[in-house]
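J.: The structure's right below; bear with me while I get my questions together.
Derivation of every value follows stated rules applied to the coordinates shown; laboratory data play no part. Here the structure is a predicted model, which means the values were calculated and not measured. Positions of Cβ are backbone-derived with ideal geometry, glycine not excepted, and every protein chain shown enters the neighbour counts.
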């Protein structure tokens, strides 16, 4: 609602849905597989992974083995720690390789945060989960990238050679001698059977051709294993993602607090302070008029009026910091918001237990901003607000309107805080307490914005 377009023509028209492209039949998929770009990229990946796997095997053997051997000396520990930390570089290489050749984006884990001092740095490396997981991935590459990759590539080359073997049979005239000394113009020998006639040579080549089509899918299966291992061992863990979101939400909270302080300072300087200066000047002029025997009643009236206006502004500022209505609970505070809204608001609040004051403040200010945005942008005639228990033990604050829709779900921060107004600001505010914002607003409406919040602030 706060991020919907101000021009109705941009949101009222429903986009045309493109029909799903029909899948080709299975036989056509199998026949086209060897000639697709994906197949050749996967072949290139297996070749590069074979070379990198060999280098990784040397790295693990020489680096870790040598590091453990010289760790009896003091200089060996930093070298061993550097070898462990170097696994992050390997992880970066494989993430780029898998993203470029296997078309699978692999998110990067958070960077290494060294602790102060040599002992702290060594301890940080020893407890760095990302390095250990990258080392585990390198160990799998010794088996999957080198051993399995070598077997798959060699079998693939043999199958390709069998396909073109009739050419060599005609040009090179290979000869095999059996145990009885009889020579055979044979390309291959299978037990006591010799591939030495045109029908057998053609059948042998067709078998190799079928094997080539089979090997394409074997190669895809091996590459699938590479993808799954990379996604399991080279990506951020759930703990890493939670830590990143927590850091982003804390940064957003700090920026939001700083913005609030700047706003209060500006309002006090430009509003209340100016009125107090005006009152002081009016009282000084009244004092001068009294000293000369004049009538200061009009100046006193102006000063009294200015004092009332300054008091009103101060109350509004205090209400912006912490609404007095919240002292009675969230439901009375929301009733006050509903009564002030320019549109009819239907309110429903059902809270078995009262949330923390910080949660109530987030819910109150979020509903206040959503009501304002609906009145300004949604072209709605009615609003429904509900605060109900949520299945996971929290509360669901929902604002629904019958307006024109078109609001967008705020994007995830990706480690960067989003501070400001609109739905992005509300989502950022919810993340500060491990909550989230869900927007359902198809073009033409209705718009439903739900903020899922915990009952208590997470510790």
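J.: Let's test the formula: R0 of 25 Å, r as the Cβ-Cβ distance of residue 309 and residue 343. What FRET efficiency results, to the nearest 0.05?
T.: 0.30
J.: While we're looking at this one, here's another question. Taking 41 Å as R0, compute the FRET efficiency from the Cβ-Cβ separation of residue 440 and residue 237 and round it to 0.05.
T.: Rounded to the nearest 0.05, the efficiency is 0.85.
J.: Still on this structure, please answer the following. Report the gain in length on full extension from residue 172 to residue 382: 0.36 nm times residue separation, minus Cα-Cα distance, nm rounded to one decimal.
T.: Between residue 172 and residue 382, full extension yields 66.8 nm more.
J.: Along the Cα→Cβ direction, 7 angstrom out, place labels at residue 457 and residue 190. What is the inter-label distance in nm?
T.: Modelled inter-label distance: 7.6 nm.
J.: Quick check: residue separation of residue 79 and residue 207 times 0.36 nm, minus the Cα distance between them. What number comes out in nm?
T.: That works out to 40.8 nm of additional length.
J.: At 0.36 nm per residue, minus the direct Cα-Cα distance, what do residue 218 and residue 351 gain on full extension? Give it in nm, one decimal, please.
T.: Extra length from residue 218 to residue 351 when fully extended: 42.2 nm.
J.: Among 343-355, 225-237, 287-299, how do they line up by average Cβ neighbours within 10 Å per residue, starting with the highest?
T.: The densest-packed peptide leads the list: 225-237, 343-355, 287-299.
J.: Between residue 409 and residue 113, what FRET efficiency follows from the Cβ-Cβ distance if R0 is 41 Å, with the result rounded to 0.05?
T.: It comes out at approximately 0.85.
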